[in-house]
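Some notes on the structure that comes next.
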Amino acid sequence: MSRYIKFIFISIIFIVLQTTVANIISIRGISPDFLLIWIVLIAIRYGQIESTLFGFAIGLLYDLATGGVIGLSSLSKSVSGFMAGYFFNENKTEITLSTYRFLLIVLLTSLIHNLFYYLIYLQGSEINTFRSIVMIGGITALYTTTISLLPVFIFMRKYSFIR
């Protein structure tokens, strides 16, 4: 049970980072998704079920904290956790976290997350949906992937996979 309490505590820290630091480092309104990186980390280390459940809980807490559309982040983050969980391999966790594989998983998961999020968020608006998904979602995915270099460097050093 202590692992889940640790997850909740770290998730709250990431929600605070997402609502404060992400806005500070945003470029023209595009900010990285720290919560998604955390969900992918959970998926790689613990599997699909935990990442899906925590993705839902983190998304719901984020929606409540920001006053966004309730349930939209929970849906997109739980789908992201489910997709990232497909890359779980108990024997290759250290290798995945400390190599380019983690970056590719974050990029793919971020693209899927943004597709779900913006398809629902832009329903009924006059904004060009396809252009918004490609431009905003794609750039956000690249920015999130760039920020996810930090955990790769940390795990690379921790597991001594520097080559």
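Every number in this text was worked out from the coordinates using simple rules, so none of it is lab data. This is a predicted model, so every value here is computed, not measured. Neighbour counts run over all protein chains shown; Cβ positions are idealised from the backbone, glycine included.
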>> Helix 48-66 against the longest principal axis of the chain: what's the angle in degrees, Cα atoms only, rounded to the nearest 10?
In response: 40 degrees
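Tell me, in nm to one decimal, what length is gained between K158 and R3 on full extension, where the rule is 0.36 nm per residue of separation less the Cα-Cα distance? Could the numbers behind the result be given before it?
Numbers: separation 155, 0.36 × 155 = 55.80 nm, distance 2.01 nm.
Working it through step by step, the gained length comes to 53.8 nm.
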>> Take I10 and Y100, extend 7 Å from each Cα along the Cα→Cβ direction, and tell me the distance between the two endpoints in nm.
In response: 2.6 nm
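Calculate the tail of P(r) for region 2-159: the fraction of all Cα-Cα distances greater than 26 Å, expressed in %.
Values: 2470 of 12403 pairs.
Pairs farther apart than 26 Å: 20 percent.
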> Hey, got a sec? Which GluC sites (Glu not before Pro) in region 89-157 land in a DSSP loop and have at most 12 other Cβ atoms within 10 Å?
Replying inline: E90, E126
> How large is ³J(HN,Hα), in whole Hz, for each residue of region 96-104 in order, when computed from phi with the Karplus curve 6.51 cos²θ - 1.76 cosθ + 1.60 and θ = phi - 60°, using x for Gly and Pro?
Replying inline: 5, 6, 10, 10, 5, 4, 4, 4, 5
> Based solely on its DSSP helices, what 222 nm [θ] is calculated for the chain when runs of n ≥ 4 H residues each add -39,500 (n - 2.57) and the sum is averaged over all residues, nearest 500 deg cm²/dmol?
Replying inline: -23500 deg cm²/dmol
> So which lysines pass the test for K158, namely a Cα distance under 18 Å, with those fewer than 8 places away in the same chain ruled out?
Replying inline: K92
> By counting other Cβ atoms within 10 Å of each Cβ, how are I12, I24, I105 ranked from fewest to most?
Replying inline: I24, I12, I105
> Between V21 and L53, what is the label-to-label distance in nm when each label sits 7 Å out along the Cα-to-Cβ direction?
Replying inline: 2.7 nm
>> Just want to confirm a number: the relative contact order over region 44-163, from Cα pairs under 8 angstrom separated by 6+ residues, in percent.
In response: 27 percent
